[in-house]
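Structure first, then comments.
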Amino acid sequence: TLEAVETAESVSNFVEVGYLSSVHGLHGEICVDPTTDFPELRFSKPGRRWLKQSVNGKEVIQEVELLEGRENPGKRSWVLTWRI
């Protein structure tokens, strides 16, 4: 099962590879602007990923499953489909 976990020190164990920039289309896809030199390695292969977000002033890490990722043609972003 996928769950959200409040974190303290463990946030520093993660490396940021991108940030959510917008939604894409009508099927729940999201656009990610990469901050990594190798976005194809981070976003094209399905599998577990971790989403850091601020909830009520606390940093929360949530595991998500990347189902599909593709480069957004003509832009420097990636379109991702995932399951929370």
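Just so you know, all these numbers are worked out from the coordinates, no wet-lab data involved. Model, not experiment: these values are computed from the prediction. Cβ: placed from backbone, ideal geometry, glycine included. Neighbour counts: every protein chain shown.
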Under the rule rounded for a/c under 1.5, else prolate if a/b exceeds b/c, else oblate, using alpha carbon gyration tensor axes a ≥ b ≥ c, the chain is classed as prolate
The longest stretch of the chain containing none of the GluC sites (Glu not before Pro) that sit in a DSSP loop with at most 11 other Cβ atoms within 10 Å is 17-84
PRE zone check, label point 7 Å out along Cα-to-Cβ of LEU41, amide N under 18 Å, scope segment 60-84, hits 69-71, 78
Final fewest-first order of VAL15, VAL32, VAL64 on the 10 Å Cβ neighbour count is VAL15, VAL64, VAL32
Given a Förster distance of 25 Å, the FRET efficiency implied by the Cβ-Cβ spacing of LYS58 and ILE84, rounded to the nearest 0.05, works out to 0.85
